[in-house]
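To start, the structure under review is shown below, and the notes come after it.
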Amino acid sequence: MSMFQRSETTLEVDGDDALVIQAELDAAVALASSACRSRRGGVLVTQHDYWSFTVSVSPDVPAGHLVRRQAWRVTC
């Protein structure tokens with residue numbers, strides 16, 4: 001399980017245990033929500049596969065809101 005900061009407004013969460021991933025996602029959303037206070041935008045959570053997520057502050061999301069989406073990675 002890992003959570004690391006990819007940029008000033010983006011965190012990545014990866015792992016193989018659903019309960020731990022949920023805890024890490026909750027922590028990442030809390031950090032992003034705090035960052036939203038100093039920036040315009042809301043929190044965007046993107047699921048890339050079953051075990052990989054990105055949490056970011058997005059100007060495309062209204063302030064104070066959280067949007068979840070799936071953008072599955074294509075692997076061959």
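Just so you know, all these numbers are worked out from the coordinates, no wet-lab data involved. None of these values were measured; they are calculated from a predicted model. Every residue, glycine among them, receives a Cβ derived from its backbone with ideal geometry; neighbour counts consider all protein chains shown.
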- Message: If you take every residue apart from Met3 with its C-beta less than 9 Å away from the C-beta of Met3, what net charge results, scoring Lys and Arg +1 and Asp and Glu -1?
- Response: -3
- Message: Here are a few candidate values for Rg and Dmax of the Cα atoms in Å: [x] 12.1, 40; [y] 11.9, 37; [z] 15.0, 44. Which one was actually calculated from the structure I just gave you?
- Response: [x]
- Query: Which of the listed residues, Ser2, Ser34, Phe53, is farthest toward the dipole's positive end in the chain, when Lys, Arg count +1 and Asp, Glu count -1 at the beta-carbon?
  - Reply: Ser34
- the chain: relative contact order in percent, alpha carbon pairs under 8 Å with at least 6 residues between: 28 percent
- Mean residue ellipticity (222 nm) of the chain, computed from DSSP H runs ≥ 4 via -39,500 (n - 2.57), nearest 500: -8500 deg cm²/dmol
- Query: Taking the Cβ-Cβ separation of Arg68 and Ala18 as r and a Förster radius of 22 Å, what is the calculated FRET efficiency to the nearest 0.05?
  - Reply: 0.90
- Task: Mind checking which of Ala23, Trp72, Val43 is farthest towards the positive end of the chain's charge dipole, using Cβ charges of +1 (Lys, Arg) and -1 (Asp, Glu) about the Cα centre?
- Result: Val43
- Placing +1 at every Lys and Arg Cβ and -1 at every Asp and Glu Cβ, with all other atoms neutral, what dipole size does the chain have around its Cα centre, in debye to the nearest 20? 440 debye
- Task: Measure nothing but the geometry: give the 0 to 90° angle between the long axis through the Cα atoms of 18-36 and the longest principal axis through the Cα atoms of the chain, rounded to 10°.
- Result: 20 degrees
